[in-house]
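Below is one structure, written out as structure tokens; the observations come after it.
The values are calculated or read from the model by the stated rules, or taken from the named source; none is laboratory data. Small disclaimer: the values here were computed from a predicted structure and weren't measured. Heads up, the Cβs are rebuilt from the backbone with ideal geometry, glycines too, and the neighbour counts pull from every protein chain shown.
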Amino acid sequence: MADQFDVIESGERGRRRWIGLAVVLALLLIPIVGVLSSSDPGPPPVTPAPEPIQSLTRVESAPNILNVPVKTKGRDEVFEAVFPDGQRAEVRYPAELDLDAMGSRPFVGVWVDGLYRQLQAPYNGEIEVTRGGRPIRNYTRNVTLWPRQAGSGSYGQVLLFAFGQWRLAMYDRGQGLTFDQRLALARELKGRVTKNGYLVLSARGLVRLAEPGESAEGYPVGPQLWFGGGAGPMVAFVPTPGCRGTNAVPSVIDGRGRRAESVCKGGVRIAVTGPQSFRERALKEIQITLK
């Protein structure tokens, strides 16, 4: 009995002795392996390839419009407007029309090397142009080229300009402008944002902006401010010196599938579309005074 017990104990001690030896060897090998592995520099770190400028590819949900503070005068509201050529005006309207809440956007026609195009602010911002994708080309830090949009008819690729918080789109046509003409637009069209948020544009060289009273293709194309968009009513202010020239309304007002009307007061044509009650009151009661 005692001999059996001694054999069993002797066997356990033998196994433990081998296990202990294995543990000691493992502990000794760990620092050796660490030294050997540290002497191998391994593969070099992966450096990401340079990415194109991302500022014009982000998805935005906020409309590309300006809501300026208003002052209340009786039942009316009053605010200062600044057109894309820098001309200022005071706008007074019945508070019920809610022009400020509709928000304004700039528009102006442009000639590049003698070819007419339009500069307009997409109502929903750059997402209308980018669809969350990537540009075809970066011309400058603030100007990119985007593919032709599905369902855009005769319009072609799109130049997208970034001026501060504003995004302006120029939808090309037909065979499109040449590389040099697009580059001229990117380099020679400048924009600055006023302290109250309006966009003022200037151009030089091959690029010329339309002046107040000018028309092209049957529409007024001088500097304008558009209020509203989407499925709602719209109002456009179009400086028209002496109220002379075309009585046509801007294409954005005329092409919405609803009746459009206008009136010219004090050198500014006021064009509206929307429900009849809105049109009548807007044409009668909106007052705009150029400064």
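Can you tell me which residue within the stretch 194-212, out of those that are within 17 Å of the chain's Cα centre (by Cα) and in a strand (DSSP E or B), is surrounded by the fewest Cβ atoms within 10 Å (Cβ to Cβ)?
Our first condition is that a residue be within 17 Å of the chain's Cα centre (by Cα); within the stretch 194-212, this holds for 197-201.
Those still in the list that are in a strand (DSSP E or B) too: 199-201.
Working: 199: 25, 200: 18, 201: 23.
Here the residue is 200.
Quick grid of which residues meet (1) in contact (Cβ under 8 Å) with a residue 12 or more places away in the chain; (2) of a type in the set (Asp, Glu); (3) more than 29 Å from residue 196 (Cβ to Cβ):
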residue: 102; (1), (2), (3): yes, no, no
residue: 114; (1), (2), (3): no, no, yes
residue: 129; (1), (2), (3): yes, no, no
residue: 134; (1), (2), (3): yes, no, yes
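Considering 154, 251, 202, which residue is among the small types (Gly, Ala, Ser) and at pLDDT 95 or above?
Numbers: 154 fails: at pLDDT 95 or above; 251 fails: at pLDDT 95 or above.
Every option except 202 fails the conditions.
Would you confirm whether or not the stretch 117-138 contains a residue that is part of a strand (DSSP E or B), in the same structural domain as residue 205 (by TED's automatic domain parsing) and over 28 Å from residue 240 (Cα atoms)?
Within the stretch 117-138, the subset part of a strand (DSSP E or B) is 117-120, 137-138.
Those left that are additionally in the same structural domain as residue 205 (by TED's automatic domain parsing): 117-120, 137-138.
Now narrow it down to the ones that are over 28 Å from residue 240 (Cα atoms): 137-138.
Yes - at least one qualifying residue is present in the stretch 117-138.
Does the stretch 213-241 hold any residues that are in a loop (DSSP other than H, G, I, E, B) and touching a residue at least 12 places away in the same chain (Cβ under 8 Å), and which are they? Give the steps one after another, and end with the answer.
Step one: list which residues in the stretch 213-241 are in a loop (DSSP other than H, G, I, E, B), which gives 213-214, 217-218, 221-223, 229-233, 240.
Passing the criteria: 213, 214, 217, 218, 221, 222, 223, 229, 230, 232, 233, 240.
Which members of the stretch 242-272 meet the condition of being part of a loop (DSSP other than H, G, I, E, B) and closer than 17 Å to residue 107 by Cα?
If we filter the stretch 242-272 for residues that are part of a loop (DSSP other than H, G, I, E, B), which is where we start, we get 244-250, 255-259, 266-267.
Hits for the stretch 242-272 are 248, 249, 250, 255, 256.
Restricting to the stretch 181-212, count the residues that are of a type in the set (Gly, Ala, Ser), over 24 Å from residue 125 (Cβ atoms) and either outside the structural domain of residue 102 (by TED's automatic domain parsing) or touching a residue at least 24 places away in the same chain (Cβ under 8 Å) (or both).
Step one: of the stretch 181-212, the residues of a type in the set (Gly, Ala, Ser) are 184, 186, 191, 197, 202-203, 205, 210.
From what's left, over 24 Å from residue 125 (Cβ atoms): 184, 205.
Applying the additional criterion that residues be either outside the structural domain of residue 102 (by TED's automatic domain parsing) or touching a residue at least 24 places away in the same chain (Cβ under 8 Å) (or both) yields 184.
Of the residues in the stretch 181-212, 1 are of a type in the set (Gly, Ala, Ser), over 24 Å from residue 125 (Cβ atoms) and either outside the structural domain of residue 102 (by TED's automatic domain parsing) or touching a residue at least 24 places away in the same chain (Cβ under 8 Å) (or both).
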